[in-house]
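A.B. asks: Just dropping this structure here.
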Amino acid sequence: MSIKVSDLRYVYNPGMPGETVALDDVSFEICDGQICGIIGHTGSGKSTLLQHLNGLLKPVSGDVYVDGQCITDGSTKLVEVRRKVGLVFQYPEYQLFEETVAKDVAFGPKNLGLKDEELDATVREAIELVGLDYEQVKDASPFELSGGMKRRAAIAGVIAMKPSVLILDEPTAGLDPKAHREILAMIRRIHEEMGCIIIFVSHNMGDIASMCDKVLVINKGKIELEGTPQEVYSEKAKLEEIGLDVPPIREIINKINAATELNSDALTAEEAAEDIKNYIQCRK
Amino acid sequence: MIRDITLGQYYPGKSAIHRLDARTKIIGTLAFIIELFVVNNFWGFLVAVVALFTVIGISKVPVKFIFRGLTAVFLIIAFTFIINMFLVEGKVLWHWGIFTITYEGLKRASFMAVRLILLIIGSSMLTLCTKPIELTDGLEKLLKPFSKIGVPSHEIALMMTIALRFIPTLMEETDKIIKAQEARGADFDSGNIIQRAKSLIPILIPLFISSFRIAQELALAMEARCYHGGAGRTRMNEIHFGRGDAWAAVCMVLFLGVIIASRFMGAAI
Amino acid sequence: MRQRSTLVRCTEINSFIEVRNLIIDYTRIDEEGHSVLVKRAVNDVSFTIEKGSFVSVVGMNGSGKSTMAKALNGLLLPSEGEVLVDGMSTRNEDDLWNIRSRVGMVFQNPDNQIVSSIVEDDVAFGPENIGVPPEEIRRRVDDALRRVDMYDCKDKGAHMLSGGQKQRIAIAGTVAMRPECIVFDEPTAMLDPSGRRQVMDIIRELNNDGITCILITHFMEEAAQADRVIVMKDGKIYSDSTPDELFADRALIEGAGLEMPPIIDLREKVAALGVDIPESIVTTEQLEAFLRG
């Protein structure tokens with residue numbers, strides 16, 4: 001299972017005043033079961049890229065391959081593309097529309113042609129996977145749920161299509177710290193159980209560092225950096241130039257590195273604590 | 001992109017047209033629209049086109065910008081043209097099966113299309129050259145005399161301000177919802193008319209809910225900023241009738257005269 | 001409830017907003033026309049806000065913080081108890097517009113609080129409502145736009161701006177009313193990091209200029225910038241202290257469903273590995289000094 005993008009180019013308003021290159025020869029590959037983080041400013045081309053991955057936008061040039069199959073040459077049916085690549089937009093709760101949670105979650109799989117028992121089983125599975133109690137919510141109106149639960153119900157609506165690539169655009173935006181942690185735990189659970197590739201867009205560098213195997217940094221329609229979180233967050237000068245932060249723990253560690261001989265490259269509190277312990281023991 | 005629709009947008013500038021009193025521009029646009037429907041021959045349209053392009057020239061709004069707004073309504077214009085072309089009887093120019101194009105039909109279709117194009121450009125010139133707030137202030141002042149007979153002039157003006165303000169927001173919202181449902185495999189382009197109408201439900205319901213949410217939040221924000229109706233309100237920029245407006249009025253009367261004359265001239269030719 | 005009693009006592013001398021036993025109930029009317037209690041959103045809350053202070057309010061969704069905020073300028077009226085702004089009660093309808101012009105409010109969604117399409121016209125909306133003379137409005141609008149560093153965009157269409165810029169316009173719209181206090185209801189929740197930084201910088205500047213700021217937020221690093229943090233839980237005040245005191249207390253933070261700042265989280269993780277590290281470490285500098293030994 002993989003998703004591969006080669007030389008993707010997209011232009012808004014071609015030939016018009018206000019012509020802007022939104023994606024400029026973007027290439028990358030995400031393999032088997034990886035969680036890939038995408039970071040970049042608002043307007044960097046992130047959202048444009050995501051919409052190419054499931055065929056909502058058509059590139060000016062370049063191709064997208066899912067599991068080796070090209071989805072941009074017109075040979076693959078759109079419904080097939082949408083089944084393979086699930087896209088959860090920012091604030092997905094605003095897409096809820098059905099009378100009950102179960103009906104809403106069923107919307108996607110029904111569009112794919114699922115029926116009867118298979119449909120019911122898929123819906124139940126998706127609702128349980130996002131951590132909601134099926135019996136409790138299936139007949140409830142999605143509009144009566146709390147903010148965090150609404151969001152999970154909306155995510156269930158995409159998971160129910162059993163995509164091999166799941167894209168989440170800022171899934172924690174606007175949530176309180178507790179709901180935020182719960183969504184992250186939910187993403188990890190989905191990843192474990194479905195084994196799909198996850199593409200995770202976030203402004204929260206701490207989340208990116210703790211969740212992802214790979215990170216892409218997008219700036220002005222180009223991929224500026226690509227690598228493991230370790231590699232990407234070590235490019236301090238480059239990130240500063242773009243105006244992006246490093247994870248808060250790394251920020252602290254960078255300051256301490258400068259003042260002491262710690263020399264840690266920790267991104268999470270666990271790693272940093274380990275390095276500090278070793279440093280203190282060595283000193284003794 | 002949705003942001004490109006020019007109808008209802010404002011193009012910042014400091015031209016003589018921009019500086020006119022909003023009331024002059026509203027009445028002028030109304031007069032222009034009425035005149036468009038009075039015109040019935042080529043010369044009349046020529047005068048209207050010249051007048052409109054003179055105004056565009058003075059306003060310094062780029063022509064490209066104005067015409068981009070037309071692309072959004074191109075379908076309506078094309079539809080009107082075709083309907084008129086085939087449905088009017090007269091001297092036959094071309095005939096195939098049930099389709100017949102007549103000289104009169106072609107003439108009527110061209111007039112209708114030109115009329116629509118001028119109408120759209122003319123009215124978008126009003127919003128392009130008038131700040132929304134001036135436009136609504138002007139409307140409020142024009143309606144003021146009618147408030148004695150119960151016309152809520154301030155409320156109408158405020159509703160217009162908010163409508164103009166939220167057109168782009170709601171369009172973006174619609175765009176987002178459509179894409180979100182498409183990502184869930186929704187198909188808006190196939191099936192018969194009933195299926196297509198049904199396929200709009202997943203868009204309309206979230207859009208309604210969004211609109212209610214926006215309205216609620218906006219009401220709260222307005223209250224927090226001490227909004228309590230039109231009584232006791234002041235304005236940052238009071239609109240006033242100046243010398244430019246007097247000249248504009250003279251031009252309008254002249255224009256009106258020429259147009260009416262053209263009707264008789266056309267009849268004479 | 002844990003409360004720093006000394007703080008409360010001295011603020012009473014210079015208090016600007018006084019909340020006394022505030023209760024706010026959400027009710028609905030049932031089929032028979034009786035009103036039924038749906039939720040007690042704010043449950044017997046009392047505190048005072050000192051003139052010129054910077055207070056943040058944190059708590060989970062549904063803890064009542066937003067409801068409480070809307071009571072401070074009379075957008076919501078008390079079911080029981082009282083909110084006094086400079087001695088005027090929000091229950092008194094004659095004082096309501098006066099209260100709202102002195103206690104401004106900025107909301108979460110930058111899009112849904114901008115009334116006019118053009119930036120400067122929107123900023124003028126508030127002063128126009130309270131009947132400020134035209135020349136004075138012009139002065140205030142220009143001044144407010146300069147304070148949020150958006151003067152160059154005054155002729156622009158609001159829908160062309162970024163989220164952070166829109167939020168700055170919303171702040172300018174409040175500032176132009178010359179309020180003594182501004183309540184910010186999660187102003188950064190929908191912004192990206194650079195937008196968030198811009199808004200926080202402006203809030204701090206406004207506070208330095210003497211405007212009382214009340215900031216409701218989910219971001220602990222933002223709450224930590226205030227002089228005082230009120231934690232709400234289940235409609236009640238759960239804690240009221242300085243940021244340092246709050247973040248030193250893991251039980252309290254977790255009880256309210258909040259998050260530890262990274263530096264304290266790190267210190268605790270080091271301690272958990274068996275290292276003898278003093279609990280007084282709450283800043284990066286202190287940790288640095290400790291490691292330099």
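The values are calculated or read from the model by the stated rules, or taken from the named source; none is laboratory data. These numbers were taken from a predicted model, which means no experiment stands behind them. Methodologically, a virtual Cβ is constructed for each residue, glycine included, from the backbone with ideal geometry; neighbour enumeration extends over all protein chains shown.
A.B. asks: For segment B:175-199, enumerate the residues that are within 12 Å of chain A (Cβ to nearest Cβ), outside any loop (DSSP other than H, G, I, E, B) and polar (S, T, N, Q).
C.D. replies: B:181, B:199
A.B. asks: Identify all residues within segment B:232-254 that are modelled with pLDDT under 85 and under 24 Å from residue C:124 (Cα atoms); write none if there are none.
C.D. replies: Selection gives B:232, B:237, B:238, B:239, B:240, B:241, B:242.
A.B. asks: Right, another one. Pull out all pairs, ordered by first then second residue, where Cβ-Cβ is under 9 Å, the residues are six or more apart or on different chains, the first lies in segment A:172-183 and is more than 7 Å from chain C (Cβ to nearest Cβ) and free of Cβ contacts under 8 Å to residues at least 40 places away in the same chain, and the second is part of a helix (DSSP H, G or I) and among the small types (Gly, Ala, Ser).
C.D. replies: Taking only residues 6 or more apart or on different chains, the pairs are A:172/A:179; A:175/A:147; A:175/A:148; A:180/A:148; A:183/A:148.
A.B. asks: Before we move on, is residue A:102 surrounded by 16 or more Cβ atoms within 10 Å (Cβ to Cβ), over 23 Å from the mean Cα position of the chain (by Cα), modelled with pLDDT of 95 or more and not assigned by TED's automatic domain parsing to the domain that holds residue A:63?
C.D. replies: yes
A.B. asks: Okay, moving on. Inside segment B:51-86, can you point out the residues that are small (Gly, Ala, Ser), within 14 Å of chain A (Cβ to nearest Cβ) and not in a loop (DSSP other than H, G, I, E, B)?
C.D. replies: Answer for segment B:51-86, where residues must be small (Gly, Ala, Ser), within 14 Å of chain A (Cβ to nearest Cβ) and not in a loop (DSSP other than H, G, I, E, B): just B:69.
A.B. asks: Scan segment B:147-169 and tell me whether some residue there is among the acidic types (Asp, Glu), surrounded by fewer than 19 Cβ atoms within 10 Å (Cβ to Cβ) and without any contact (Cβ under 8 Å) to a residue 60 or more places away in the chain.
C.D. replies: So far as segment B:147-169 goes, no, none of its residues is among the acidic types (Asp, Glu), surrounded by fewer than 19 Cβ atoms within 10 Å (Cβ to Cβ) and without any contact (Cβ under 8 Å) to a residue 60 or more places away in the chain.
A.B. asks: Please note which strands (runs of 3 or more DSSP E) are completely contained in segment A:22-136 and include at least 1 residues that are under 28 Å from residue B:212 (Cβ atoms).
C.D. replies: Fully inside segment A:22-136 and qualifying: A:85-88.
A.B. asks: If you don't mind, another one. Among the candidates A:177, A:163, which residue alone is under 15 Å from residue B:184 (Cβ atoms) and not hydrophobic (A, V, I, L, M, F, W, C)?
C.D. replies: The match here is A:163.
A.B. asks: Please find, among A:263, A:257, A:219, the residue that is out of contact with any helix residue (DSSP H, G or I) (no Cβ under 8 Å at 6 or more places or on another chain) and either farther than 24 Å from residue A:92 by Cβ or touching a residue at least 24 places away in the same chain (Cβ under 8 Å) (or both).
C.D. replies: A:257
A.B. asks: Here's something else I'd like to know. Just to check your reading of the model, which residue among B:140, B:223, B:172 is assigned to a helix (DSSP H, G or I), under 24 Å from the mean Cα position of the chain (by Cα), modelled with pLDDT of 85 or more and away from chain A (no Cβ under 14 Å)?
C.D. replies: Step by step, each of B:140, B:223, B:172 is checked, and only B:140 is assigned to a helix (DSSP H, G or I), under 24 Å from the mean Cα position of the chain (by Cα), modelled with pLDDT of 85 or more and away from chain A (no Cβ under 14 Å).
A.B. asks: Looking at C:255, C:274, C:293, can you tell me which residue is on the phi > 0 side of the Ramachandran plot and either more than 8 Å from chain A (Cβ to nearest Cβ) or at pLDDT 90 or above (or both)?
C.D. replies: C:274
A.B. asks: How do the helices (runs of 4 or more DSSP H) wholly within segment A:190-284 filter down when requiring 1 or more residues that are in contact with a strand residue (DSSP E or B) (Cβ under 9 Å, 6 or more places away or on another chain) and within 14 Å of another protein chain (Cβ to nearest Cβ): which remain?
C.D. replies: It comes to A:205-211, A:236-242.
A.B. asks: Now for a separate question. Can you pull out the residues in segment B:116-137 that are modelled with pLDDT under 85 and aliphatic (A, V, I, L, M)?
C.D. replies: Across segment B:116-137, the qualifying residue is only B:133.
A.B. asks: A further question on this structure: Quick check: anything in segment B:238-245 buried (at least 19 other Cβ atoms within 10 Å of the Cβ), at the interface with another protein chain (Cβ under 7 Å from one of its Cβ atoms) and without any contact (Cβ under 8 Å) to a residue 60 or more places away in the chain?
C.D. replies: Scanning segment B:238-245, I find no residue that is buried (at least 19 other Cβ atoms within 10 Å of the Cβ), at the interface with another protein chain (Cβ under 7 Å from one of its Cβ atoms) and without any contact (Cβ under 8 Å) to a residue 60 or more places away in the chain, so the answer is no.
A.B. asks: For segment A:124-137, give me each residue that is within 20 Å of residue A:88 (Cα to Cα) and touching a Leu at 6+ places or on another chain (Cβ under 9 Å).
C.D. replies: Of everything in segment A:124-137, just one residue is within 20 Å of residue A:88 (Cα to Cα) and touching a Leu at 6+ places or on another chain (Cβ under 9 Å), namely A:132.
A.B. asks: Does segment C:21-50 hold any residues that are crowded, with 16+ Cβ neighbours inside 10 Å and among the basic types (Lys, Arg), and which are they?
C.D. replies: C:40
A.B. asks: Filter segment C:133-149 down to the residues that are buried (at least 22 other Cβ atoms within 10 Å of the Cβ) and either outside any helix (DSSP H, G or I) or among the acidic types (Asp, Glu) (or both) and list them by number.
C.D. replies: Matches in segment C:133-149: C:148 only.
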